[in-house]
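Everything below concerns the one structure shown next.
The values are calculated or read from the model by the stated rules, or taken from the named source; none is laboratory data. A quick note: this is a predicted structure, and the numbers were derived from the prediction, not measured. For neighbour counting, all protein chains shown are included, and Cβ atoms are generated from backbone atoms with ideal geometry for every residue, glycine included. Note: areas computed on protein heavy atoms with side chains; ligands, DNA, RNA excluded. Shrake-Rupley method; radii C 1.70, N 1.55, O 1.52, S 1.80 Å.
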Amino acid sequence: MKSRKFLIAGNWKMNKTAADGVSLVKDIVAAVGPQTEVDVVVCPPFTALESVSKALEGSAIKLGAQNMHPKASGAYTGEVSAEMLRGHFTTHVILGHSERRQYFGETDAFINEKVVTALKNLLKPILCIGETLAEREAGRTLEVVKTQLEGGLAGVSATDATSVVLAYEPVWAIGTGKVATTEQAQEVHAFIRGWLATRFDKTVAGKMRILYGGSMKPSNAPELLRQEDIDGGLIGGASLEAQSFIDLVQAAKAAS
Ligand code: PEP
């Protein structure tokens, strides 16, 4: 029996038009929409937020965005604010995804601004952290994760921290089909929980959810979800097809 409720979040990345998103979500809602044993979040692209939000109405599934700008408004061409996301009934926002760090040069300091803004606007950040293959091979995994935690959560109070979801995503496992072994994942998750206990306190650390992300799919989810400090998954590829995402929610239900 897990003390924390599992969370399964789907990161659609730059996939699905609004119409495709509605069709995907309709199947997910039909299968797991009413259940509340597992928290479920779908994160479509901005352009599908409104239609997907309508398709989720009446279900327990929550809506997340994949990014957000830290400022409230202004001359930031192409960007979207927390208030705009809230206007579409968004409750969660993925921040600091490794693709944003890698392709868009996002730093821990910039990601931290977003985390703080999200919390002020009552959006729950899903803060992504994780090492590259080179960093793992150099034995720097825990050091990298610690730096990202320190940077990303700077200035966040213990009360606000319980609204933050962390996602440990080894960069070398994202979209590659290479999943971290359960031992590798649990080692880092336990390290993160220990760091949270020092940074906040044990109670806060015990409440915060730490998701695993990186080629998680129905076949490897049960073993990962059995690990003490793995509280769910941030799912890329397997969230784009209704049946695999539904199976992941069912796997979390079975592991609860
Ligand atoms: C992700 O992008 O957060 C992710 C985990 O992707 P995938 O499941 O495809 O590895």
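Just a few scattered comments:
- Residue satisfying all of: in segment 93-151; assigned to a loop (DSSP other than H, G, I, E, B) and away from the ligand (no atom under 16 Å from the Cβ); most open to solvent (accessible area, probe 1.4 Å) among these: Leu122
- A Cβ distance below 8 Å, combined with a sequence gap of six or more or placement on separate chains, defines the contacts here; from segment 162-190, residues that are of a type in the set (Gly, Ala, Ser) reach residues that are in a helix (DSSP H, G or I) and open to solvent by 50 Å² or more (accessible area, probe 1.4 Å) in the pairs Gly175/Gly237.
- So Ser219, is it part of a loop (DSSP other than H, G, I, E, B), more than 16 Å from the ligand (Cβ to nearest atom), closer than 27 Å to Glu37 by Cβ and small (Gly, Ala, Ser): no
- Flag if Lys26 is open to solvent by less than 40 Å² (accessible area, probe 1.4 Å) and either closer than 23 Å to Gln148 by Cβ or of a type in the set (Lys, Arg) (or both): no
- Cβ-Cβ distances below 8 Å connect the following pairs, each with a first residue in segment 120-144 that is on the phi > 0 side of the Ramachandran plot, a second residue that is of a type in the set (S, T, N, Q) and surrounded by 19 or more Cβ atoms within 10 Å (Cβ to Cβ), and a separation of six or more residues or different chains: Gly130/Ser98; Gly130/Gln148.
- Unique match (being under 14 Å from Ile28 (Cα atoms) and either at pLDDT below 95 or not in a loop (DSSP other than H, G, I, E, B) (or both)) among Leu211, Leu224, Leu248: Leu248
- Residue check, Asp201 crowded, with 17+ Cβ neighbours inside 10 Å, more than 16 Å from the ligand (Cβ to nearest atom) and acidic (Asp, Glu): no
- Subset of segment 175-184 that is in a loop (DSSP other than H, G, I, E, B) and open to solvent by 30 Å² or more (accessible area, probe 1.4 Å) - its residue that is nearest to the ligand (Cβ to nearest atom): Gly175
- Count of segment 227-243 residues which are open to solvent by 20 Å² or more (accessible area, probe 1.4 Å), assigned to a helix (DSSP H, G or I) and within 15 Å of the ligand (Cβ to nearest atom): 1
- For segment 41-78, a tally of residues being closer than 19 Å to Val115 by Cα and among the polar types (S, T, N, Q) returns 3.
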